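Reviewing the structure listed below.
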């Protein structure tokens, strides 16, 4: 328990019944938050894409069609659930839940508010704050691959198998880039705990936007993280696992009804989780200007304002994901792999190294600008050398 | 910007007007000569125009029309001629709306409305009978419950017929060669392509003279 309790003050005075009840309530609240976010996100995505295509989008179910996702979910829930004869039944039934579970667990470490007091107990507004922090995210997104892989394999059909092989290859490749770009942040923050990372991006004045928040000091890692996270969540323009034109839907083609819906739920949960992680790592999480009209430590500034800032940043990032979805066509698969292995991983790696050199220079009192320049030049040299060594498309054919 | 210019394109669309039609509540206006669901016309005195000659059924490429003619009852004639169509059925699961039946009809009995928004639930509903096709006493199409009428679809039922050349002769284009319709009277030629009528040959007063 110590490992997963982390820095949450909820466990400071031992674990009694109140703590357990509070944990269960927190779990339900976070799960509900994520589910409602998915419902809203799908509606939001359809509306924004409709805007970008001069259409209206869903507008019949509820005000502005906001209940459209709920209606779709209810419909899928009552539809027939078929199982292919050749399917490996236990694994086939388990796979959607593996996907959804991993997607939910990854969200558990996201801090969406500040530290609050309920009765005599103080706690963080996040489900868990393990010291392993960000590693938990990498572990869970790695676990999510099992859902995809098992679904494709257990369906007993060829298209799902191909789709799942593609998807898992893609996710595993881009996990390396995500991990290495996160390293670029961890070198700066010196902690893995998401609460610790957010704490270092606390809001002091409007200057904090550029001086405290990590998006500018780790701009390279930020860009790499956004691209790699887009690819890791199978989000367009990297949605190869369900390339309709080639794979007729990919790994979940043999799934119907609510099982299919769970795959979609997991996919959108992953998008939201990754956006929330981007907010946590680079955009200060729940930190933002206080409301000066009311007391600094009053309930508004403790409960409402941080959550508001977190949600605002989250939906800003989510708008970006929808914008990407509406703008970019799907890449070719070899270009995806080229981008991942030949560009992003090297760039993330070198960015982390250069950041490390700068941090060491700062600690030792060296000239930071000179060191940064030298390290950057060295990194560019190494990158150029690597690019010169990597064969271009078609070169291998000539050698052979 | 190059590769990223797509983002600008999509974002600028957000501020442009939406082009979506709110379809079940409103319809986009259709051309007058649009080929839609048929009607069987009547003369201004209420008599049916159909004489049961079966030319429409003969010409129909989809074979969706079934007609049987019968002699008019002497005491209560249905049509002014010798015979009338006492069975007239069109199967809309087969009809392709080519309007060859309208061209073939010698008495302008069958013409088409602008309505195509009809969705039947059974095959029985798809086969329109003579009673369903006949215009009502106001000269308007009889509205079936599975059809979506918003008004205006049956204003110009014979527009396509009135736009073609009578007797297939291009020189007669634009000449009135048709009888009146119940509720509408004798209607002018439907012209939208020629502003001036071509001159008729000397000594010819037009078709039917």
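Just so you know, all these numbers are worked out from the coordinates, no wet-lab data involved. For clarity, every value in this text was computed on a predicted model and none was experimentally measured. Backbone-built Cβ (ideal geometry, glycine too); neighbour counts: all protein chains shown.
Computed on chain B, with alpha-carbon pairs under 8 angstrom and 6+ residues apart, the relative contact order is 21 percent. Distance between the pseudo-spin-label points of residue B:47 and residue A:121 (7 Å out from Cα toward the beta carbon): 9.4 nm.
With the convex hull of its Cα atoms as the shape, segment A:137-239 has an orientation-averaged projected area of 7.2 nm². In terms of its C-alpha gyration tensor, segment B:28-151 comes out prolate, because a/c is 1.5 or above and the ratio a/b outweighs b/c. If the chain linking residue A:319 and residue A:15 were pulled fully straight, counting 0.36 nm for each residue of separation and taking away their Cα-Cα distance, it would gain 105.4 nm.
Between residue B:142 and residue B:5, full extension at 0.36 nm per residue minus the direct alpha carbon distance yields a gain of 43.9 nm. With a Förster radius of 56 Å applied to the C-beta separation of residue A:332 and residue B:28, the computed FRET efficiency comes to 0.90. Considering only A:262, A:118, A:197, the mean-square fluctuation computed in a Gaussian network model of chain A, springs between alpha carbons under 10 angstrom, is largest for A:118.
By the beta-carbon count within 10 Å of each Cβ, the least crowded to most crowded order of B:56, B:105, A:389, B:98, fewest first, is A:389, B:98, B:105, B:56. Mean-square fluctuations from a GNM of chain A, with a 10 angstrom spring cutoff on Cα atoms, peak among A:390, A:36, A:210 at A:390.
In terms of other Cβ atoms within 10 Å, A:101, A:135, B:40 run from fewest to most in the order A:135, A:101, B:40.
For segment A:60-187, the alpha-carbon radius of gyration amounts to 1.39 times the rule-of-thumb value 2.2 N^0.38 Å expected for a compact globular protein. Note: chain A, Cα convex hull, 187 Å³ per residue. Distance between the C-alpha centres of segment A:83-132 and segment A:27-55: 19 Å, rounded to the whole angstrom. Counting neighbouring Cβ atoms within 10 Å and putting the fewest first, the residues A:280, A:191 line up as A:191, A:280. The simple spin-label model puts a point 7 Å past each Cα toward its Cβ; for residue A:359 and residue B:83 those points are separated by 9.8 nm. Diffusion coefficient (Stokes-Einstein, Kirkwood radius over C-alpha pairs, 37 °C, 0.692 mPa s) for chain B: 170 µm²/s, rounded to a whole number. For chain A, the relative contact order comes to 20 percent (Cα pairs under 8 Å, sequence separation of at least 6). Calculated mean residue ellipticity at 222 nm for the protein assembly as shown: -15000 deg cm²/dmol, from DSSP H runs with n ≥ 4 weighted as -39500 (n - 2.57), summed, divided by the residue count and rounded to 500.
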